Amino acid sequence: MRKEFSVIEIDGSFGEGGGQILRTSLSLSALSGLPFRIFNLRKARQKPGLRAQHLACVRAAKQVCGARCEGDTIGSLELAFEPGQIKPGHYSFNIGTAGSTMLVFQTLLPILAGGDGISDLILTGGTHNPMSPPFDFVKECFRPMVKELGVSFEIELIRPGFYPRGGGEVRARVHLGKNFEKAKPLSMDSEIDWGEPVVEILLANLPMHIAERERDEILKSLRISQDKVEFKFPPGESGPGNVVFIRYQAGSRTEIFTGFGEKGKRAESVARDVCRDAKNFSRSRATLDARLADQALIYLATGPGGKFLTNRITEHLRTNIHVIQKFHNISSEIQSLKPDLFRVSISG
């Protein structure tokens, strides 16, 4: 028999009003066993309600925790989700065309890590999507951070899938989280000298001059030598696709900033935009960039808590804290240290 809980009510139009509200709610509901109802789902977006990408997250979460669900249809502005028991196992999810495999993975990770066994995942869809963390960011930046908080996984790129074609494949193994509360509090509130970056430009089934123009703009903007820039050419059938990665490394830490080539956007603009973000972060000497800061919150709240420095406080981060507090009695504090440096503290 299911335990009776009061249903948590969540306004999907709160704050930034996007899909992250839904994904955080799914993860925390499955982990806590608390049902929720979300309304006004993505109400202010150009295409409001559940889209295919969000529906993929809902259905994946539903399957791994045996949830009962209402409103899980395209365009729905309301969703009711009542979780069951987390079921570790072997799962395969086809996100559809270029839907982000990484957003589905990040929705499922805390759920499966909270189970009582190892889980294997095969995810098919987009691996390098605008407005989503690319595979490289998840493996090199996100994975080491959550490992410090008691969550361990391996992840492998079988083939890339660029927007809008998709068709990529990722395989992952999620280990038992060993209870998040056993991990030590995150202590990342000492400034970091990130040094000089290296750059990687991916080009699949597109003219070479695009990568060359991006390289030239990057050399001018970052003032690095040409040997710091590497071209890589994924299989042509995975394209068309163009991605620029700017990597900073300090000790065991990596931060990646990503620019995506888009139809109608000049190569020089792609390079300038990602260089600006990378330089702003490096100058701040922060420990987590704004995206990683947002993604750390669930693991801090359900585990040991901790502190970190970030260079921007986004509406995404504030909204995520608000949603987490619906499920967990946590306290948070944001301190402005400099115009481009903030300390964020979360109690576990």
Rounded to two decimals, what is Rg over Rh for the stretch 198-284 when you use alpha-carbon atoms and the Kirkwood radius?
0.97
Anisotropy class of the stretch 230-348 from Cα gyration tensor, a/c 1.5 cut:
prolate
Farthest positive-ward along the stretch 189-348 dipole, Cα basis, beta-carbon charges - from Val274, Tyr248, Ile313:
Ile313
What is the diffusion coefficient of the chain in µm²/s, taking the Kirkwood radius over Cα pairs and the Stokes-Einstein relation at 20 °C with a viscosity of 1.002 mPa s?
104
Candidate aspartates and glutamates - alpha carbon under 19 Å from Lys307, same-chain residues fewer than 8 apart omitted:
Glu148, Glu181, Asp189, Glu191, Asp193, Glu255, Asp289, Asp294, Glu315, Glu333, Asp340
Taking Rh as the Kirkwood radius computed over C-alpha pairs, what is the Stokes-Einstein D of the stretch 1-84 at 37 °C in a medium of viscosity 0.692 mPa s, expressed in µm² per second?
262
Round to a whole angstrom and tell me the spacing of the C-alpha centers of the stretch 35-72 and the stretch 280-294.
30
Lys, Arg +1 and Asp, Glu -1 on Cβ, resulting dipole of the chain about Cα centre, debye, nearest 20:
320
Which listed pairs, of Lys220/Lys338; Lys62/Lys326; Lys147/Lys184; Lys87/Lys326; Lys228/Lys279; Lys147/Lys338, have C-alpha distances above 18 Å, in listed order
Lys220/Lys338; Lys62/Lys326; Lys87/Lys326; Lys147/Lys338
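Bear in mind that the values in this text are calculations on the coordinates, not laboratory data. Owing to the predicted nature of the structure, the values given are computational and were not obtained by experimental measurement. Methodologically, a virtual Cβ is constructed for each residue, glycine included, from the backbone with ideal geometry; neighbour enumeration extends over all protein chains shown.
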